[in-house]
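Structure record follows, encoded as structure tokens.
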Amino acid sequence: MSDYFAHETAVIDQGATIGEGTKIWHFSHIMPNCILGEKCNIGQNVVVSPGVVLGKNVKVQNNVSIYEGVTCDDDVFLGPSMVFTNVINPRSAVNRRGEYLKTHVGKGASIGANATIVCGHNIGAFAFIGAGAVVTKEVPPYALVVGNPARQMGWMSEYGHRLEFDDEGLASCAESGDRYRLENNRVTKL
């Protein structure tokens, strides 16, 4: 008996590592040599490619393909139909399998529905990528980015609330009360 749940329509290839308490839903494909941490939730019609690493408690919503070269730390949220790429200049007639660019998503980051992450650009811890955004450059920790191309519009707390910094560079999360400092265009939790 396995220590994870997989719907009967899910396909799990030999060699995939799946953590305890993980749930894999309808029509999803977990390919060989990928690693899914404990308590992940893989929505329906999701593909997890070889070499992908997901930390603990990663939530992958419906219709997401996570391609080779992508790693996600613990507590990452991947919204419905968001997209990762892995080749910067794809051509059908040119094999670029050896040219996959890596993308790392930091702890607690959220990527909104229908967002696109162009490969080779990392997402910082607790960053918040708005729905439909197209990320074409690095996203710093705690940053809020929206639009096409994605532009930073502010900063977010670890609970997902917009931070409003005072003249001294201090802010509090409306939900948790956690305090943050903005200094040299970098946010740190106090």
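Restricting E158, E164 to residues that are under 16 Å from K107 (Cβ atoms), of a type in the set (D, E, K, R) and either modelled with pLDDT of 95 or more or within 23 Å of the chain's Cα centre (by Cα) (or both) narrows the list to E158. Going through the stretch 119-142 one residue at a time, which ones are among the hydrophobic types (A, V, I, L, M, F, W, C), in contact with a strand residue (DSSP E or B) (Cβ under 6 Å, 6 or more places away or on another chain) and in a loop (DSSP other than H, G, I, E, B)? Passing the criteria: C119, A127, A133.
Restricting T17, T71 to residues that are at pLDDT 95 or above and in contact with a His (Cβ under 6 Å, 6 or more places away or on another chain) narrows the list to T71. Screening the stretch 89-111 for residues that are assigned to a helix (DSSP H, G or I) and of a type outside the set (K, R) and picking the one that is surrounded by the most Cβ atoms within 10 Å (Cβ to Cβ) gives E99.
Look through the stretch 134-190, keep the residues that are touching a Gly at 6+ places or on another chain (Cβ under 7 Å) and acidic (D, E), and return whichever of them is surrounded by the most Cβ atoms within 10 Å (Cβ to Cβ). Step by step, filter the stretch 134-190, then rank; the result is E158.
Being more than 20 Å from S110 (Cα to Cα), acidic (D, E) and at pLDDT 95 or above is a condition met by no residue of the stretch 29-43.
For N114, the conditions (1) in contact with a Gly (Cβ under 6 Å, 6 or more places away or on another chain); (2) in a loop (DSSP other than H, G, I, E, B); (3) more than 20 Å from Y67 (Cβ to Cβ) all hold with the exception of (3).
Scanning the stretch 94-116 for residues that are free of Cβ contacts under 8 Å to residues at least 12 places away in the same chain and of a type outside the set (K, R), we see that the one that is nearest to G55 (Cα to Cα) is G98.
Here V145 meets the list (1) of a type in the set (A, V, I, L, M, F, W, C); (2) closer than 17 Å to L78 by Cα; (3) assigned to a loop (DSSP other than H, G, I, E, B) almost entirely, failing just condition (3).
The values are calculated or read from the model by the stated rules, or taken from the named source; none is laboratory data. Computed from a predicted structure; not experimentally measured. Methodologically, a virtual Cβ is constructed for each residue, glycine included, from the backbone with ideal geometry; neighbour enumeration extends over all protein chains shown.
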